[in-house]
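**Student:** The structure under discussion is supplied below as structure tokens; questions concerning it will follow.
The values are calculated or read from the model by the stated rules, or taken from the named source; none is laboratory data. All values reported here derive from a predicted model rather than from experimental measurement. Don't worry about glycine lacking a Cβ; one is built from the backbone with ideal geometry, like all the others, and counts go over all protein chains shown.
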Amino acid sequence: MTIATDDVIELRVDDIAQLFHTLDPFPFRERDLDREAEEYIVGWARELTTSQPLKIVIYYPETEAQTENARYLSEAFSRYFSGRAVAVQRDLNELFRVGRRSLAIGIAILTACLMSAHFIVGVFFDAPFKQLAGESLLILGWVANWRPLEIFLYDWWPLARRRELYRRLSTAIVDPRSEPILGANKDPK
């Protein structure tokens, strides 16, 4: 059972290792989170207020309390989400690089279309087709700038928000808590 309240994300697991990708060959501290665990944490973090620091409380059985996984849980979460923030920043940088290149191409095409509409249309076409050819070239020039304008006006916002969310998660307080196994008899009598 998992619950999130205020700026606290709570997870309950039977085994700490189930939070991480099982086929990842790296040491525990450097492993990737399991896809479902990441989706759950990120989904709840999106719902929480952005002004407060996040806290991730992880409940696990007492039998896991003395394991290496329990000791390095906070560091593992921090590394993972820091790495995701860096990866999203690279995606954002790539998007802007593509946007700059697209903008340069789009401006060149727009300039060529405007010059063509101004000079060539008057020479090669009869009067009924001048306006049609001129407007068509103008539309083509602006359509060539559609993608760079979309990148610089809209496409980068979701990436920037995701990067900030991962940065927040990388600095979240991870509070591992062991709890007794339900139904276990502590008194040997």
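**Student:** Can you find even one residue in region 163-178 that is touching a helix residue (DSSP H, G or I) at 6+ places or on another chain (Cβ under 7 Å), part of a helix (DSSP H, G or I), modelled with pLDDT of 75 or more and farther than 30 Å from Tyr59 by Cα?
**Tutor:** No; the residues of region 163-178 include none that is touching a helix residue (DSSP H, G or I) at 6+ places or on another chain (Cβ under 7 Å), part of a helix (DSSP H, G or I), modelled with pLDDT of 75 or more and farther than 30 Å from Tyr59 by Cα.
**Student:** I've got another one for you. Report yes if some residue within region 35-46 is surrounded by fewer than 15 Cβ atoms within 10 Å (Cβ to Cβ) and β-branched (Val, Ile, Thr); otherwise report no.
**Tutor:** No, that holds for no residue.
**Student:** Could you check how many residues of region 22-59 are at pLDDT 85 or above and more than 23 Å from Leu165 (Cβ to Cβ)?
**Tutor:** 1
**Student:** Is it true that some residue in region 64-76 is in contact with a Ser or Thr (Cβ under 8 Å, 6 or more places away or on another chain) and not acidic (Asp, Glu)?
**Tutor:** Scanning region 64-76, I find at least one residue that is in contact with a Ser or Thr (Cβ under 8 Å, 6 or more places away or on another chain) and not acidic (Asp, Glu), so the answer is yes.
**Student:** Among the numbered criteria (1) closer than 23 Å to Leu165 by Cα; (2) buried (at least 16 other Cβ atoms within 10 Å of the Cβ); (3) at pLDDT below 80, which single criterion is violated by Glu64?
**Tutor:** Condition not satisfied by Glu64: (1).
**Student:** If you take the residues in region 67-85 that are aromatic (Phe, Trp, Tyr) and assigned to a helix (DSSP H, G or I), which one is modelled with the lowest pLDDT?
**Tutor:** Residues of region 67-85 aromatic (Phe, Trp, Tyr): 72, 77, 80-81.
Checking which are assigned to a helix (DSSP H, G or I) leaves us with 77, 80-81.
Numbers: Phe77: 88, Tyr80: 91, Phe81: 93.
If we take residues in region 67-85 being aromatic (Phe, Trp, Tyr) and assigned to a helix (DSSP H, G or I), then Phe77 is modelled with the lowest pLDDT.
**Student:** Same structure again: Output the residues belonging to region 107-117 that are out of contact with any Leu (no Cβ under 8 Å at 6 or more places or on another chain) and in contact (Cβ under 8 Å) with a residue 12 or more places away in the chain.
**Tutor:** Ile107, Leu110, Thr111, Ala112 - these are the residues of region 107-117 that are out of contact with any Leu (no Cβ under 8 Å at 6 or more places or on another chain) and in contact (Cβ under 8 Å) with a residue 12 or more places away in the chain.
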